[in-house]
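Notes for the one structure printed next.
Derivation of every value follows stated rules applied to the coordinates shown; laboratory data play no part. Please read these numbers as outputs of a predicted model, since none were measured by experiment. As a convention, Cβ positions derive from the backbone with ideal geometry for all residues, glycine included, and neighbour counts pool all protein chains shown.
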Amino acid sequence: MNTIFNLRNTSESNKSASENRLMRALLSSHSILLTAILLIAAGYALMYGDGSTEQAFNPDIFSPRRIVWAPAVCLLGYLLIVVGILRRK
């Protein structure tokens, strides 16, 4: 009976150890920084588009995508860079 209980505890501790390694890998500083860089690039991609000229006015420059969502995504990326740099290992 004692041996079965010990085997059960060992398998549970191995499972939790592998889960801890996975969480450490997912939350490592490098992966946080990579995610932040991708968010910043996505924010600038959302801002991309044609502008207005003297001959023609393009009302798309005032779309919510360009003046709300894109800066918010960029700001989130920059804040995530700060988190990735200041995160303790």
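Descriptive notes on the structure:
- Candidates in region 33-52 are the residues that are under 24 Å from the mean Cα position of the chain (by Cα) and either part of a loop (DSSP other than H, G, I, E, B) or not aliphatic (A, V, I, L, M) (or both); of these, the one that is surrounded by the most Cβ atoms within 10 Å (Cβ to Cβ) is Gly43.
- Hits in region 53-89 - residues which are surrounded by 13 or more Cβ atoms within 10 Å (Cβ to Cβ) and in a loop (DSSP other than H, G, I, E, B): Ser63
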